[in-house]
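Asks: Sharing a structure with you now.
The values are calculated or read from the model by the stated rules, or taken from the named source; none is laboratory data. The model shown is predicted, which means the values in this text are computed figures rather than measured ones. Please note: Cβ atoms are built from the backbone with ideal geometry, for glycine as well, and neighbour counts cover all protein chains shown. Only protein heavy atoms, including side chains, enter the accessible area calculation; ligands, DNA and RNA are left aside. Shrake-Rupley method; radii C 1.70, N 1.55, O 1.52, S 1.80 Å.
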Amino acid sequence: MFDLGWEKLIYQKNKQINKYPFDWVVSSTNKFIKKRSNLIALDLGSGTGNNINFLCNYGFKKVYAVEGSKTAFEILKKKFKNKKKVKLVLKNFNHFNYKKENFDLILDRGSLTHNKILDINSTLNKINYSLKKEGYFFSVMFSKRGKFKNLRKNSYSFKNVTKSKTGLLSNFFSKKEIIKLFKNFEIIDLSEVVTINHSSRKNEFATWNIICKKK
């Protein structure tokens with residue numbers, strides 16, 4: 001399911017309008033994706049498209065971007081109206097039409113982790129189905145080590161960040177849970193990244209950065 005909190009609490013309030021690609025996306029793409037003339041990518045939960053320009057400039061022939069927020073999607077349309085290689089889709093990415101062995105790279109930069117466990121598992125199966133034989137899946141999931149956590153599955157977190165009573169649907173995982181979740185993929189690299197902010201109060205934010213391939 002698409003959490004409408006992203007529409008009402010984030011994009012309608014002009015938050016997370018990111019302009020530049022995430023460094024992990026840039027470095028991982030450069031390391032694992034060999035440049036070819038027919039590369040196709042899929043960006044899940046693309047937000048306002050900060051990673052799309054990088055993928056286009058890297059040499060992908062076509063980049064599909066799936067976003068559930070209407071506000072973010074309008075920004076995407078304006079930003080990429082003259083880029084024919086970018087295919088924009090306004091949809092819950094669990095309902096996207098995943099074609100068999102179609103993508104060289106599928107990117108999830110912290111979107112899947114904001115879904116129900118049932119939908120995460122369902123989408124992972126579709127991603128596996130839609131990757132080419134040597135295709136890569138890059139994913140970022142929340143780690144239980146972070147202080148912004150709620151150990152209950154399918155719970156709502158980040159109430160302080162969003163300044164709301166509801167927060168955002170989120171899931172946080174242990175290493176064992178990540179390995180089980182990605183059991184149908186070949187995990188190439190699994191890194192837990194912990195960021196500690198000491199400036200005002202000690203906050204810890206932790207993610208699993210996962211590089212995997214179709215088995």
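Let's see how each residue does on (1) at pLDDT below 95; (2) out of contact with any Phe, Trp or Tyr (no Cβ under 8 Å at 6 or more places or on another chain); (3) more than 25 Å from I117 (Cβ to Cβ):
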| position | (1), (2), (3) |
| --- | --- |
| W6 | yes, yes, no |
| N14 | yes, yes, yes |
| T29 | no, no, yes |
| K61 | no, yes, yes |
| N82 | yes, yes, yes |
| K87 | no, no, yes |
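Conditions tested, residue by residue: (1) touching a residue at least 24 places away in the same chain (Cβ under 8 Å); (2) among the aliphatic types (A, V, I, L, M); (3) not in a helix (DSSP H, G or I).
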position	(1), (2), (3)
I127	yes, yes, no
Y136	yes, no, yes
R152	no, no, yes
N160	no, no, no
E186	yes, no, yes
S191	no, no, yes
I210	yes, yes, yes
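Asks: Next up: In the stretch 130-157, which residues are of a type in the set (S, T, N, Q) and crowded, with 20+ Cβ neighbours inside 10 Å?
Replies: Hits for the stretch 130-157 are S130, S139, S143, S157.
Asks: Would you say K84 is free of Cβ contacts under 8 Å to residues at least 12 places away in the same chain and under 24 Å from R36 (Cβ atoms)?
Replies: Yes: the conditions hold for K84.
Asks: May I ask you to verify whether S28 is in a helix (DSSP H, G or I), small (G, A, S) and open to solvent by less than 40 Å² (accessible area, probe 1.4 Å)? Steps first, answer last, please.
Replies: Working: in a helix (DSSP H, G or I): yes; small (G, A, S): yes; open to solvent by less than 40 Å² (accessible area, probe 1.4 Å): yes.
In short, yes.
Asks: Taking N160 as the residue in question, decide whether it is surrounded by 17 or more Cβ atoms within 10 Å (Cβ to Cβ) and not acidic (D, E). Before the answer, list the steps.
Replies: Working: surrounded by 17 or more Cβ atoms within 10 Å (Cβ to Cβ): no; not acidic (D, E): yes.
No: the conditions fail for N160.
Asks: State all residues of the stretch 95-125 that are farther than 22 Å from S155 by Cα and either part of a helix (DSSP H, G or I) or not polar (S, T, N, Q) (or both); if no residue qualifies, say none.
Replies: Within the stretch 95-125, F96, Y98, K99, K100, E101, F103, D104, L105, I106, L107, N125 qualify.
Asks: Ok, one more. Please work out which residue is nearest to F2 (Cα to Cα), limiting yourself to the stretch 42-66 and to residues that are touching a Leu at 6+ places or on another chain (Cβ under 7 Å) and open to solvent by 10 Å² or more (accessible area, probe 1.4 Å).
Replies: Y64
Asks: Here's a follow-up. Tell me which residues, restricted to the stretch 67-79, are without any contact (Cβ under 8 Å) to a residue 40 or more places away in the chain, out of contact with any helix residue (DSSP H, G or I) (no Cβ under 7 Å at 6 or more places or on another chain) and either farther than 23 Å from T29 by Cβ or open to solvent by less than 80 Å² (accessible area, probe 1.4 Å) (or both).
Replies: Let us first name the residues in the stretch 67-79 that are without any contact (Cβ under 8 Å) to a residue 40 or more places away in the chain, namely 67, 73-74, 76-79.
Narrowing the set further to residues that are out of contact with any helix residue (DSSP H, G or I) (no Cβ under 7 Å at 6 or more places or on another chain) leaves 73-74, 76-79.
Of everything in the stretch 67-79, those that are without any contact (Cβ under 8 Å) to a residue 40 or more places away in the chain, out of contact with any helix residue (DSSP H, G or I) (no Cβ under 7 Å at 6 or more places or on another chain) and either farther than 23 Å from T29 by Cβ or open to solvent by less than 80 Å² (accessible area, probe 1.4 Å) (or both) turn out to be F73, E74, L76, K77, K78.
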